[in-house]
Amino acid sequence: MSERAQRPPAEVRHADELARLREHDTDDRPPGWALSLRAARRFILGDDALGVSRKFVGDPSLIDRSLVALATQRGLMLVGEPGTAKSLLSELLAAAVSGTSTLTVQGGAATTEDQIKYSWNYALLVAEGPSPRSLVAAPLLRGMAEGKVVRFEEITRCPLEVQDCLLSPLSDRVLAIPELTGPESMVFAQEGFTVIATANTRDRGVNEMSAALKRRFTFETVFPIADFDTELQLVESEATALLRRSGVTAPPRRDVLEVLVTTFRELREGHNARGDVTDRLSGVMSTAEAVSVAHAVGLRGWFLRGEPGTAADLVACLAGTAAKDSPEDLAKLRRYLERRRHGDQWKALYDARHLLPG
Ligand SMILES: Nc1ncnc2c1ncn2[C@@H]1O[C@H](COP(=O)(O)OP(=O)(O)OP(=O)(O)O)[C@@H](O)[C@H]1O
Ligand SMILES: [Mg+2]
């Protein structure tokens, strides 16, 4: 993997942590797993003694239930609001359980069975006919043959018939390749094979999934971060790391991040900490969006003026993230910024309200 990859997969980003966990892992492992369940849990939730960072914040019991589901013969379906770290969690689980998170299908309206199961190298197919050599394995076939976790992102965005090609791999643990003959025409799933799917509640709902397929998954809901301080801490550490990667040496200011996270939470929940009703945006105000705005705020401050980002940078960045193309959201945002509050950065936010474009 090149040193300049923008975002290497989890097993590369955290290769040293995985190696340490493996080295100290004396617990029993489910068949085909790269780590024991308890070591996989520590990889995701952190372990100070081994120098393993916490990568997912939230309910630890969600991680336990997810790992147990993966050790059974069912797939795991992570559902939730956008930006609640479903994809991140699926990546971390796959890296922990299989040592690889890259056997991934990205679901969409145009996803085909070829992209999930297998396709052919046409030059070889024409020259030799169908053979194991001309077969090009897609993530599902590889995961089954190698006994690894296959990730299926945004599964509900795929047409129903395409989703259903998971049925027999998940129930009979076999994938037929009718073009081949003999033993090669059946691929039997090896120990360790399973599927982690994610689905977004804002997209087409999970109700669009066939009942037969639903029965083959254990469903877990990933919730937004409930606690203000926890969310602030996460945004701070993620934004600091992103800024460092972008060549910004000044860490983000705590007081600016407090205003940012408060703004996101109030516009997401429709009330403030005291319970006063505020406008709620229809656009997504997730933690993931808060991290990316905090990153943009830091970049603006640094590359435009050589200092950390301020509340005025926040106003300039908000419209593009929070209001997107919705004029109603933009109007709500404008109303939100009209409120006066105590504190230097709140005052700066108020004073910069005219920077909101549109
Ligand atoms: N509970 C959390 N723990 C750790 N990081 C989180 C959490 N919630 C949000 N994040 C942030 O959000 C980012 C992950 O967003 P991710 O793309 O995984 O969300 P998602 O739920 O898959 O969103 P979408 O529905 O849009 O696909 C992380 O990189 C992290 O910065
Ligand atoms: Mg996702």
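Measure nothing fancy, just the Cα-based angle from helix 327-337's long axis to the longest principal axis of the chain, in degrees from 0 to 90, nearest 10.
50
Please list 102, 194 in order of solvent-accessible area, largest first, computed with a 1.4 Å probe with all protein chains present.
The residues order as 102, 194, largest area first.
Semi-axes of the equivalent ellipsoid of the chain: what are they in whole Å, largest first, if each equals the square root of 5 times a C-alpha gyration tensor eigenvalue?
So the equivalent ellipsoid measures 42, 23, 20 Å along its semi-axes.
Based solely on its DSSP helices, what 222 nm [θ] is calculated for the chain when runs of n ≥ 4 H residues each add -39,500 (n - 2.57) and the sum is averaged over all residues, nearest 500 deg cm²/dmol?
-12000 deg cm²/dmol
Tally up the carbon and sulfur contribution to the accessible surface of the chain as a whole percent, 1.4 Å probe, everything protein left in place.
Carbon-and-sulfur percentage of accessible area, whole number: 52.
With the contact rule set at Cα under 8 Å and sequence spacing of 6 or more, what percent relative contact order holds for region 1-99?
Averaging sequence separation for qualifying contacts and normalising by length gives 29 percent for region 1-99.
Test of understanding: given the chain, find the longest segment containing no GluC sites (Glu not before Pro) that are in a DSSP loop and have at most 16 other Cβ atoms within 10 Å.
4-178
With a 1.4 Å probe and all protein chains left in place, how much accessible area per residue does the chain have, in Å²?
Here the per-residue accessible area is 48 Å².
Over region 290-358, what is the mean sequence separation of C-alpha contacts under 8 Å (at least six apart), divided by residue count, expressed as relative contact order in percent?
Over region 290-358, the number comes to 32 percent.
Report the extension gain between residue 173 and residue 350 in nm, rounded to one decimal, defined as 0.36 nm multiplied by the number of residues separating them, less their alpha carbon distance.
This chain segment gains 57.8 nm when fully extended.
Residue by residue through region 225-237, which ³J(HN,Hα) values in whole Hz follow from phi under the Karplus form 6.51 cos²θ - 1.76 cosθ + 1.60 (θ = phi - 60°), with glycine and proline marked x?
Those phi angles translate into 5, 7, 9, 4, 4, 5, 5, 4, 4, 5, 4, 4, 6 Hz.
The values are calculated or read from the model by the stated rules, or taken from the named source; none is laboratory data. In this text, all values refer to a predicted model and were calculated from it rather than measured experimentally. Cβ sites come from the backbone with ideal geometry, for glycine too, and all protein chains shown count toward neighbours. Calculation scope for accessible area: heavy atoms of the full protein, side chains included, ligands and nucleic acids excluded. Shrake-Rupley method; radii C 1.70, N 1.55, O 1.52, S 1.80 Å.
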